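Asks: I'd like to ask some things about the structure below.
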Amino acid sequence: MTRNKRSENNDGDGVDTPRGSRRRRWIIWSLAVAFILFIVAPVGAIFTAYVMADVPEPEELVNKQVSNIYASDSTTELARIVPPEGNREQVNLDQIPESLRGAVLAAEDREFYTNPGFSITGFARAVKGQITGDESAGGGSTITQQYVKNAVVGNERSYERKLKELVISAKMANEWSKNDVLEAYLNTIYFGRNSYGVAAAAEAYFGKPLAELTPVEGAVLAASIQRPSQLDPWTNREEAEQRWNYVLDGMVATGYLSQAERDIAVYPQVVDPALNQAYVEATGANGLIKNQVVAELERIGITQEDLDTRGLRITTTIDIRNQNAAVDNVNRIFDGEDEKLRSAVVSIEPSTGAVRAYYGGDDAAGWDYANAPIQTGSTFKIYGLAAALQQGIPLATMYSSAPVTTGNVTVTNVGGGGCGYCTIAEALKRSHNTSFIRLEQDLQNGSQDVADMAHALGMARSLPGYPATLTENGDQPFDGIILGQYESRPFDQAIALATLANEGVWHEPYFVEKVETSNKEVLYEHTPTTGQRRVAANVANNVMSAMAPIAAWSNQNQLAGGRASAAKTGTTQLGNTGFNKDAWMIGATPQLATAVWVGTVDNTPLRNYWGGNMYGAGLSAQIWKATMDGALEGKPLESFPEAQPLGFNNAPAPQYVPPAPKPVTPVKSDPEDEDPDAEPSEDEAVGIDGGVPEIPADPAQVPPPPEQVEILPGITIPNIFN
């Protein structure tokens, strides 16, 4: 009987046994463990990750984007500052055409406004695409996920990264508005052609502002998101157009495009990538302006991070009419001349210090001649004259123009010309070296007073490669300083001249007028200043008075319409070769001070188109006149204040007693000196022209000069003063 009962139980008649009970318990525990492992644990992990996830606020996620540099009109772009990540411009959602927004949603996430940050149907589409091989079917990631991947977690291929992406996407969908997510995405996504965000892409593909995009053009951009490099229509038109058609159909399905518009849609033309300038920071002279602007931004506290992430709009002082006048006239006047010729042009507004034109060459990444130390020739005589006037030596003081010996050298004029005895004002017009050496000898501290006056007026006290300027190894400069022996920049010449033109009041030169972020926050705005008086007003006015006739004297380069100016030419020789190497024209009106230099790229002889020597009254003066005429056209004719007899603070003028005249034999002027149209004119007796040597302040205490002297970094010439 017992045996039969066991047999019945083993037959599974529902009677419990120890063995059956153990089996059921094992199954229950297995299911429980599986439930915990595969459902509870992942859900718990996801819940924990969700709670712990830190979703930044929209304003905390900054993108690398382009900063733009504009002329003073705030609309003419001069240059861009492009971060390493590429070309991007941040825009608000309401600046993006609705049709473009619809195109992107149709391409990447048609359920964006209803999904919770991730899409089950999106994953289904991705699976379908993998099975059917239809890559145009769409991807599995929502727009929110794509943005999180690009801006927060990165694109590393790992389960941990994917989990973070899903969790943060879900949490972001709860904490951010949908429009905030879409705006951030449209400013972040890569479209190819080094363009990030829709604004940069509009320029890169169609060369037009974002607001002007048509629906079919917006669809081209949206179609490129999936595979930016492979779906550029310039290189892969067939596949790009297939994806474009998919986007347009999606726009119809989602209501962003009517069927009638879809039926007449034609694939639009795109810009040749080779002609795309979106990634180019600057061209030509504008590249050198960009360098000056960036350096100034650093000085005023605008950081590199600001430049890279805040989409700055930088308005400069550059007047586009002034700038074009400088650049265009250099190119026009150089046409047909030696291809080695180079020029620098700097224009500064005397009343403010604003740099209105800056030309240092045509190579955006090349040598900046406007910022290069260059010997100044006879233009430096005006600083010696200012020092003399400040000490009470008037313009009417008579000086001999005969050869003069100082130390162990004899100074002469170009071509041996002279005027016998003439006023220092006349000597400035004729640019007599000898008269100005005598003037310098009458200064209380000689050559040091010339250097101090130049520094006071705005000449830099140090430059790259020159720890101290206008000095002889830290000591008093040689007497040749008044003849332009030492180096200064064209930029410095414009600054110092602007101070004199502003009745002796110096304004710090500046390029940056205003800096705003892409959100219109003003980070910086230049505050006008009253300037600093650097020399007595009447001293400056007397210098301007002495310079007044020179533009007309120098090959008839007076300004158009009889506009008053104050100018000075200058030339320096190339060693003892008999040729020249630097030609200058500096001159001002009350509204604008402009310095012009002409030289060669390799410091070879400076020749005009017929092979003759070039002087300051030649191309330099022509460029100066054309630049000033172009910049000032239509502006009021203004004159400098009338120079008064010397006197300071109503005190009696210092009494100047000239040295007793010595008998001299008048030196006959060079025939060219009598003809202001000749090349060179008397006005071109300059700097170290005519074999004028470098003149030590105290020859007995100065060691022999070197065999070579460096004119520009890396460029040396034979020293003619050995």
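The values are calculated or read from the model by the stated rules, or taken from the named source; none is laboratory data. It should be emphasised that the depicted structure is a prediction, and the values quoted were computed from it without experimental measurement. Virtual Cβ from ideal backbone geometry, glycine too; neighbours counted across all protein chains shown. To get the accessible areas, we keep the full protein, side chains included, count just its heavy atoms, and leave off ligands, DNA and RNA. Shrake-Rupley method; radii C 1.70, N 1.55, O 1.52, S 1.80 Å.
Asks: Would you mind telling me which numbered condition in (1) within 22 Å of residue 64 (Cα to Cα); (2) free of Cβ contacts under 8 Å to residues at least 12 places away in the same chain residue 281 fails?
Replies: (2)
Asks: Hey, another quick one. Can you confirm whether residue 502 is out of contact with any His (no Cβ under 9 Å at 6 or more places or on another chain) and at pLDDT 95 or above?
Replies: Numbers: out of contact with any His (no Cβ under 9 Å at 6 or more places or on another chain): yes; at pLDDT 95 or above: yes.
In short, yes.
Asks: Which one of these does residue 461 not meet: (1) under 40 Å from the mean Cα position of the chain (by Cα); (2) in contact (Cβ under 8 Å) with a residue 12 or more places away in the chain?
Replies: The number of the failed condition is (2).
Asks: If the Cβ limit is 9 Å and pairs must be 6+ apart or interchain, which residue in the stretch 209-230 that is without any contact (Cβ under 8 Å) to a residue 24 or more places away in the chain and within 15 Å of residue 98 (Cα to Cα) pairs with which residue that is assigned to a loop (DSSP other than H, G, I, E, B) and open to solvent by less than 60 Å² (accessible area, probe 1.4 Å)?
Replies: Here the result reads 212/97, each pair linking the stretch 209-230 to a residue that is assigned to a loop (DSSP other than H, G, I, E, B) and open to solvent by less than 60 Å² (accessible area, probe 1.4 Å).
Asks: Out of the residues in the stretch 596-627 meeting the condition of being in a loop (DSSP other than H, G, I, E, B) and hydrophobic (A, V, I, L, M, F, W, C), tell me which one is most open to solvent (accessible area, probe 1.4 Å).
Replies: The first filter runs over the stretch 596-627 and keeps only residues in a loop (DSSP other than H, G, I, E, B), leaving 601-606, 608-612, 614-615.
Within this subset, residues satisfying the condition of being hydrophobic (A, V, I, L, M, F, W, C) are 601, 606, 610, 614.
Values: 601: 61, 606: 0, 610: 154, 614: 3 Å².
Step by step, filter the stretch 596-627, then rank; the result is 610.
Asks: Go through the residues of the stretch 157-180 one by one and say whether even a single one is under 35 Å from the mean Cα position of the chain (by Cα), of a type outside the set (Gly, Ala, Ser) and part of a loop (DSSP other than H, G, I, E, B).
Replies: Filtering the stretch 157-180 for residues under 35 Å from the mean Cα position of the chain (by Cα) gives 180.
From what's left, of a type outside the set (Gly, Ala, Ser): 180.
Subset that is part of a loop (DSSP other than H, G, I, E, B): none.
Checked the stretch 157-180: no residue is under 35 Å from the mean Cα position of the chain (by Cα), of a type outside the set (Gly, Ala, Ser) and part of a loop (DSSP other than H, G, I, E, B).
Asks: Might you check whether a residue that is open to solvent by 10 Å² or more (accessible area, probe 1.4 Å), under 26 Å from residue 216 (Cα atoms) and modelled with pLDDT under 85 occurs anywhere in the stretch 89-97?
Replies: Yes: one or more hits.
Asks: Looking only at residues that are in a strand (DSSP E or B) and of a type outside the set (D, E, K, R) in the stretch 312-339, which one is farthest from residue 517 (Cα to Cα)?
Replies: Initially, the stretch 312-339 is screened for residues in a strand (DSSP E or B), giving 313-316.
Pick out the ones that are also of a type outside the set (D, E, K, R) and you get 314-316.
Numbers: 314: 9, 315: 11, 316: 15 Å.
Taking the candidates together, the pick is 316.
Asks: Out of 545, 518, 554, which single residue is open to solvent by 10 Å² or more (accessible area, probe 1.4 Å) and over 32 Å from the mean Cα position of the chain (by Cα)? Show your work before the answer.
Replies: On the way: 518 fails: over 32 Å from the mean Cα position of the chain (by Cα); 554 fails: open to solvent by 10 Å² or more (accessible area, probe 1.4 Å).
Exactly one residue qualifies, and that residue is 545.
Asks: Is it fair to say residue 342 is open to solvent by 50 Å² or more (accessible area, probe 1.4 Å), touching a Gly at 6+ places or on another chain (Cβ under 9 Å) and not in a helix (DSSP H, G or I)? Please lay out each step first, then the result.
Replies: Details: open to solvent by 50 Å² or more (accessible area, probe 1.4 Å): yes; touching a Gly at 6+ places or on another chain (Cβ under 9 Å): yes; not in a helix (DSSP H, G or I): yes.
The answer is yes for residue 342.
Asks: What number goes with the only condition from (1) assigned to a helix (DSSP H, G or I); (2) out of contact with any strand residue (DSSP E or B) (no Cβ under 7 Å at 6 or more places or on another chain) that residue 293 does not pass?
Replies: Failed condition: (2).
Asks: Name the residue that is surrounded by the most Cβ atoms within 10 Å (Cβ to Cβ), counting only residues in the stretch 407-430 that are part of a helix (DSSP H, G or I) and touching a strand residue (DSSP E or B) at 6+ places or on another chain (Cβ under 7 Å).
Replies: First, pick out the residues of the stretch 407-430 that are part of a helix (DSSP H, G or I): 414-416, 424-430.
Checking which are touching a strand residue (DSSP E or B) at 6+ places or on another chain (Cβ under 7 Å) leaves us with 424, 427.
Numbers: 424: 26, 427: 30.
So the residue we want is 427.
Asks: From 364, 357, grab the single residue that is among the small types (Gly, Ala, Ser) and assigned to a strand (DSSP E or B). Walk me through how you get there before you give the answer.
Replies: Numbers: 364 fails: assigned to a strand (DSSP E or B).
After applying the criteria, what remains is 357.
Asks: For residue 289, which of the numbered conditions (1) surrounded by 21 or more Cβ atoms within 10 Å (Cβ to Cβ); (2) free of Cβ contacts under 8 Å to residues at least 60 places away in the same chain; (3) among the aliphatic types (A, V, I, L, M); (4) within 30 Å of residue 356 (Cα to Cα) fails to hold?
Replies: Among (1) surrounded by 21 or more Cβ atoms within 10 Å (Cβ to Cβ); (2) free of Cβ contacts under 8 Å to residues at least 60 places away in the same chain; (3) among the aliphatic types (A, V, I, L, M); (4) within 30 Å of residue 356 (Cα to Cα), the lone unmet condition for residue 289 is (2).
Asks: Let me ask something additional. From 212, 111, grab the single residue that is surrounded by fewer than 22 Cβ atoms within 10 Å (Cβ to Cβ), acidic (Asp, Glu), within 25 Å of residue 81 (Cβ to Cβ) and modelled with pLDDT of 85 or more. If you could, list the steps in order and put the result at the bottom.
Replies: On the way: 111 fails: within 25 Å of residue 81 (Cβ to Cβ).
Only one candidate qualifies: 212.
Asks: Oh, and also: Examine the stretch 473-495 for a residue that is within 24 Å of residue 447 (Cβ to Cβ) and free of Cβ contacts under 8 Å to residues at least 12 places away in the same chain, and state whether such a residue exists.
Replies: Within the stretch 473-495, one or more residues are within 24 Å of residue 447 (Cβ to Cβ) and free of Cβ contacts under 8 Å to residues at least 12 places away in the same chain.
Asks: Can you name the number of the only condition in (1) open to solvent by 50 Å² or more (accessible area, probe 1.4 Å); (2) under 20 Å from residue 382 (Cβ atoms); (3) within 24 Å of the chain's Cα centre (by Cα) that residue 490 fails?
Replies: (1)
Asks: If the requirement is being open to solvent by less than 10 Å² (accessible area, probe 1.4 Å), over 31 Å from the mean Cα position of the chain (by Cα), closer than 27 Å to residue 510 by Cα and not hydrophobic (A, V, I, L, M, F, W, C), which of these qualifies: 360, 384, 377, 392?
Replies: Details: 360 fails: over 31 Å from the mean Cα position of the chain (by Cα); 377 fails: over 31 Å from the mean Cα position of the chain (by Cα); 392 fails: closer than 27 Å to residue 510 by Cα.
Within the list 360, 384, 377, 392, the selection yields 384.
Asks: With respect to residue 582, determine if the residue is touching a residue at least 40 places away in the same chain (Cβ under 8 Å), of a type in the set (Asp, Glu) and outside any strand (DSSP E or B). Walk me through how you get there before you give the answer.
Replies: Details: touching a residue at least 40 places away in the same chain (Cβ under 8 Å): yes; of a type in the set (Asp, Glu): yes; outside any strand (DSSP E or B): no.
In short, no.
Asks: Can you tell me how many residues within the stretch 222-259 are surrounded by 20 or more Cβ atoms within 10 Å (Cβ to Cβ) and outside any helix (DSSP H, G or I)?
Replies: Residues that pass the stated criteria total 6.
Asks: Same structure again: Restricting the search to the stretch 514-534, which residues are more than 19 Å from residue 496 (Cβ to Cβ) and in a strand (DSSP E or B)?
Replies: The answer is 514, 515, 516, 522, 523, 524, 525.
Asks: Now, a different point. Could you list, in sequence order, all residues of the stretch 168-187 that are at pLDDT below 85 and either open to solvent by 10 Å² or more (accessible area, probe 1.4 Å) or within 16 Å of residue 66 (Cβ to Cβ) (or both)? Quick ask: steps written out before the conclusion?
Replies: At the first step, the residues of the stretch 168-187 found to be at pLDDT below 85 are 168-176.
Passing the criteria: 168, 170, 171, 173, 174, 175, 176.
Asks: Can you spot a residue in the stretch 234-245 that is closer than 28 Å to residue 92 by Cβ, touching a residue at least 12 places away in the same chain (Cβ under 8 Å) and aliphatic (A, V, I, L, M)?
Replies: Taking the stretch 234-245 and keeping what is closer than 28 Å to residue 92 by Cβ, we get 243-244.
The next check asks that each one be touching a residue at least 12 places away in the same chain (Cβ under 8 Å); those that pass are 243-244.
Checking the rest, the ones that are also aliphatic (A, V, I, L, M) come to none.
The answer is no, given that none of the residues of the stretch 234-245 is closer than 28 Å to residue 92 by Cβ, touching a residue at least 12 places away in the same chain (Cβ under 8 Å) and aliphatic (A, V, I, L, M).
Asks: Return yes or no: is residue 576 buried (at least 21 other Cβ atoms within 10 Å of the Cβ) and modelled with pLDDT under 95? Outline the logic, then answer.
Replies: On the way: buried (at least 21 other Cβ atoms within 10 Å of the Cβ): no; modelled with pLDDT under 95: yes.
Judged against the criteria, residue 576 is not a match.
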